[in-house]
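Only one structure is covered here, and it is reproduced in the block below.
The values are calculated or read from the model by the stated rules, or taken from the named source; none is laboratory data. Predicted, not measured: the structure shown is a model, and the values here were computed from it. Backbone-built Cβ (ideal geometry, glycine too); neighbour counts: all protein chains shown. All accessible areas refer to the heavy atoms of the entire protein, side chains included, with ligands and DNA or RNA removed. Shrake-Rupley method; radii C 1.70, N 1.55, O 1.52, S 1.80 Å.
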Amino acid sequence: MTGWRVGYVITPMEYQMKLYLHTGFQVSGIPAFVLEAATVALNDEAKYDTVETMRKAFEERRNYFVEEINKTQHFSAKIPKGAFYIFMNIKKTGMTSAECVDWLIENYGIAFVSGAVFGQEGEGFVRISYASSMEDIVEACKLLHQADADLTAMGK
């Protein structure tokens, strides 16, 4: 249910109205199909257990991706603690975030998002999603290592 933005809160009655007033317009209008899917996910024990399976898979993908990034000379990353995105430092490339994103997609076919779109502090970084198959992540890492070698060959 990635991106479907559904959840629930269990709270003492004394906080219920305060929460409702605070979040009412932010959480209203959830599509019926999302509510139905959430109901199945929470009530079907076999499906509910898949959450832990997916959490472990995402952790493995994240750790592999960050480890491979940190083997390069021009890129680095810290292990993120939430979501399924890595904010990769690209400052050693000498490119802006937008230039690096364009260069990587045009020359290697790997797509990242410019960190600059997340604010001034994001310049010098690109955002990577690891919500993909492990096979795709391994291939992306091979291409990233090639990009790193090419940057070295260019004297960067």
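General remarks:
- Restricting region 95-134 to residues that are of a type in the set (Val, Ile, Thr) and in a loop (DSSP other than H, G, I, E, B), the residue that is most open to solvent (accessible area, probe 1.4 Å) is Thr96.
- Selection from region 49-86 of residues that are closer than 26 Å to Ala153 by Cβ, of a type outside the set (Lys, Arg) and in contact (Cβ under 8 Å) with a residue 12 or more places away in the chain: Tyr64, Phe65, Val66, Glu68, Ile69, Thr72, Gln73, His74, Phe75, Ser76, Ala77, Ile86
- Positions within region 141-156 being surrounded by 13 or more Cβ atoms within 10 Å (Cβ to Cβ) and touching a residue at least 40 places away in the same chain (Cβ under 8 Å), in sequence order: Cys141, Leu144, His145, Ala147, Asp148, Asp150, Leu151, Lys156
- Here Lys92 clears all of (1) closer than 24 Å to Val138 by Cα; (2) without any contact (Cβ under 8 Å) to a residue 60 or more places away in the chain; (3) open to solvent by 80 Å² or more (accessible area, probe 1.4 Å); (4) assigned to a helix (DSSP H, G or I) except the condition numbered (2).
- Count of region 12-25 residues, restricted to those that are loosely packed, with under 10 Cβ neighbours inside 10 Å and either within 20 Å of Ala37 (Cβ to Cβ) or modelled with pLDDT of 75 or more (or both), is 5.
- Which listed residue is part of a helix (DSSP H, G or I) and open to solvent by less than 60 Å² (accessible area, probe 1.4 Å), from Arg61, Arg55: Arg61
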